[in-house]
Amino acid sequence: LSLTAQVLLHGVVSLTLYWVIQFRWKDGKGLPFAWRGDLEKQWNLHPVLMVTGFIYCMGQAMLVYRSCRCCRQIWSKLLHTMFHMLGIPCVVLGFIAVWDYHSLKKDNEGNSTPIPHFYSIHSWLGLVTMGLALLQFLVGVFSFLLLLCCQSATARFRAGLVPIHSTVGTTTFILAVATAIAGITETAFFKLSSEGYDATGKPVITKLVGKYINMSEESIFLNTIGVILIALAIILPAILGCDGFRAGLAREGGSNK
């Protein structure tokens, strides 16, 4: 299962990056990403960074702590923390990228047409996921790293907090998957609708999600990413909850060797 999870984690990042390069890099010039210049290219940062931060880094953090048996527990904790810390800048930059895209959006004539913030289930889920992830990270660093300075005195407290930390972490990961799938659906509505022009020559949507319904190549890519995300939401919690993966691992509050 661990190998399968690794393949899926690397696969979902690779497919997301390929999707952006293949289908969202409209002009094919320079790079497919930009910062505070081309808004469409800046938006491209959002899915790649969020999938990297929330799905890949969080997934690796969960796996390394559960399956790493080749080193002392403190090193597993530090690796676990490192992956979470690598995910933080990805999430922050991904959030700023989509915030700017909404705030600075303009029409074809250069008129400001900002998109409202936090209007969709995708944005609501994302906000809850970010808040829960931040709380989980702060509590984890304080309880399982900083309190090691009083290791014996805090052993019972840390041991009692383990199941709560594990449950909240798994919940956060599943919420991240749900947010990503909601984002894929929202992207399909906005990016894969057939467009035309009205009597005044302004672009309008002529058929909602027309390209998506017709199973275009891009829609197949989006669906594949969604299926991988669902598979990860099943496999990773299964690994964390399986007693077989806990065998041989040091227990929190016990020896740190």
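With respect to the numbered conditions (1) surrounded by 12 or more Cβ atoms within 10 Å (Cβ to Cβ); (2) in a loop (DSSP other than H, G, I, E, B); (3) not aliphatic (A, V, I, L, M), which one is the sole condition not fulfilled by Tyr119?
The one condition Tyr119 does not meet is (1).
Check Ile230 against each of (1) modelled with pLDDT of 75 or more; (2) within 30 Å of Ile164 (Cβ to Cβ); (3) open to solvent by less than 80 Å² (accessible area, probe 1.4 Å) and name the one condition it does not meet.
(3)
Sort through Ser143, Ser152, Ser112 and tell me the only one that's open to solvent by less than 30 Å² (accessible area, probe 1.4 Å), over 17 Å from Ala180 (Cα atoms) and free of Cβ contacts under 8 Å to residues at least 40 places away in the same chain. Break it down into steps so the answer makes sense when it comes.
On the way: Ser152 fails: open to solvent by less than 30 Å² (accessible area, probe 1.4 Å); Ser112 fails: open to solvent by less than 30 Å² (accessible area, probe 1.4 Å).
On inspection, the qualifying residue turns out to be Ser143.
What are the pairs with Cβ atoms under 9 angstrom where one residue, in the stretch 5-24, is at positive phi and the other, located anywhere, is open to solvent by 10 Å² or more (accessible area, probe 1.4 Å)? Sequence gap at least six, or different chains.
Within 9 Å, no pair qualifies.
Can you tell me which residue within the stretch 54-82, out of those that are open to solvent by 40 Å² or more (accessible area, probe 1.4 Å) and part of a helix (DSSP H, G or I), is modelled with the highest pLDDT? I'd like the intermediate steps shown before the answer.
Step one: filter the stretch 54-82 for residues open to solvent by 40 Å² or more (accessible area, probe 1.4 Å), giving 56, 65, 67, 69-72, 75, 78-79, 82.
Okay, now just the ones that are also part of a helix (DSSP H, G or I), so 56, 65, 67, 75, 78-79, 82.
Details: Tyr56: 98, Tyr65: 81, Ser67: 75, Trp75: 84, Leu78: 89, Leu79: 91, Met82: 95.
If we take residues in the stretch 54-82 being open to solvent by 40 Å² or more (accessible area, probe 1.4 Å) and part of a helix (DSSP H, G or I), then Tyr56 is modelled with the highest pLDDT.
Being open to solvent by 50 Å² or more (accessible area, probe 1.4 Å), in a helix (DSSP H, G or I) and modelled with pLDDT of 80 or more is the filter here; which residues of the stretch 201-227 pass it?
Taking the stretch 201-227 and keeping what is open to solvent by 50 Å² or more (accessible area, probe 1.4 Å), we get 202-208, 211-215, 217, 220, 223-224, 227.
Applying the additional criterion that residues be in a helix (DSSP H, G or I) yields 211-213, 217, 220, 223-224, 227.
Once the filter is applied, which keeps residues that are open to solvent by 50 Å² or more (accessible area, probe 1.4 Å), in a helix (DSSP H, G or I) and modelled with pLDDT of 80 or more, the stretch 201-227 yields Glu217, Ile220, Asn223, Thr224, Val227.
Which of (1) within 13 Å of the chain's Cα centre (by Cα); (2) in contact (Cβ under 8 Å) with a residue 60 or more places away in the chain does Gln73 not meet, given it meets every other one?
Unmet for Gln73, out of (1) within 13 Å of the chain's Cα centre (by Cα); (2) in contact (Cβ under 8 Å) with a residue 60 or more places away in the chain: (1).
Only one of these is in contact with a His (Cβ under 8 Å, 6 or more places away or on another chain) and modelled with pLDDT of 95 or more: Gly131, Gly126, Gly94. Name it.
Just a single option satisfies the conditions, and that option is Gly94.
Check off (1) within 23 Å of Phe33 (Cβ to Cβ); (2) surrounded by 16 or more Cβ atoms within 10 Å (Cβ to Cβ) for Met85 and give me the number that stays unchecked.
Single failed check for Met85: (2).
Among the numbered criteria (1) open to solvent by 50 Å² or more (accessible area, probe 1.4 Å); (2) in contact (Cβ under 8 Å) with a residue 12 or more places away in the chain, which one does His102 miss?
With (1) open to solvent by 50 Å² or more (accessible area, probe 1.4 Å); (2) in contact (Cβ under 8 Å) with a residue 12 or more places away in the chain applied to His102, the lone miss is (1).
Just to be sure I understand, how many residues within the stretch 122-140 are crowded, with 16+ Cβ neighbours inside 10 Å and touching a residue at least 40 places away in the same chain (Cβ under 8 Å)?
Final tally of qualifying residues: 8.
The values are calculated or read from the model by the stated rules, or taken from the named source; none is laboratory data. Note that the coordinates shown come from a computational prediction; the quantities given were computed from them, not determined experimentally. Glycine gets a Cβ as well: all are built from the backbone with ideal geometry, and neighbour counts include every protein chain shown. Ligands, DNA and RNA are stripped out before the accessible areas are found, and what is left, the full protein with its side chains, is counted by its heavy atoms. Shrake-Rupley method; radii C 1.70, N 1.55, O 1.52, S 1.80 Å.
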